1. Among the residues of the stretch 1-41, what is the count of those that are charged (D, E, K, R) and either crowded, with 17+ Cβ neighbours inside 10 Å or in contact with a Gly (Cβ under 8 Å, 6 or more places away or on another chain) (or both)?
2. How about the stretch 3-59: which of its residues are without any contact (Cβ under 8 Å) to a residue 12 or more places away in the chain and of a type in the set (S, T, N, Q)?
Amino acid sequence: MTVKDRVIRIIAEQAMIEPSDVSMTDTMGDLGIDSMALVECIFALEEEFDIEVPFNANEPGASDFDISSVATVVANVEKLVARQKS
């Protein structure tokens, strides 16, 4: 399973939908993920990939971890995973 597939699975679980219903262009809001579910999603990503996500739930816009869409979350997780491997 690719990083993308694993991230989508985690996001879908938090949105309580099927992974096939998640589009790369969807925002967390499009998927019905509120701030509490977003924090749970971040925790799940950290656990799944053994990474530390630089995310401030109180100021998501001030974070280096872009959560504006599923695609940006996937890209940021891929970067963190690659950085961890090097």
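1. Summing the residues that are charged (D, E, K, R) and either crowded, with 17+ Cβ neighbours inside 10 Å or in contact with a Gly (Cβ under 8 Å, 6 or more places away or on another chain) (or both) in the stretch 1-41 gives 2.
2. Answer for the stretch 3-59, where residues must be without any contact (Cβ under 8 Å) to a residue 12 or more places away in the chain and of a type in the set (S, T, N, Q): 20, 56, 58.
Read the figures in this text as sums done on the coordinates, not as results from a lab. Keep in mind it's a predicted model, so treat the numbers as computed, not measured. We place every Cβ from the backbone using ideal geometry, glycine too, and count neighbours over all the protein chains shown.
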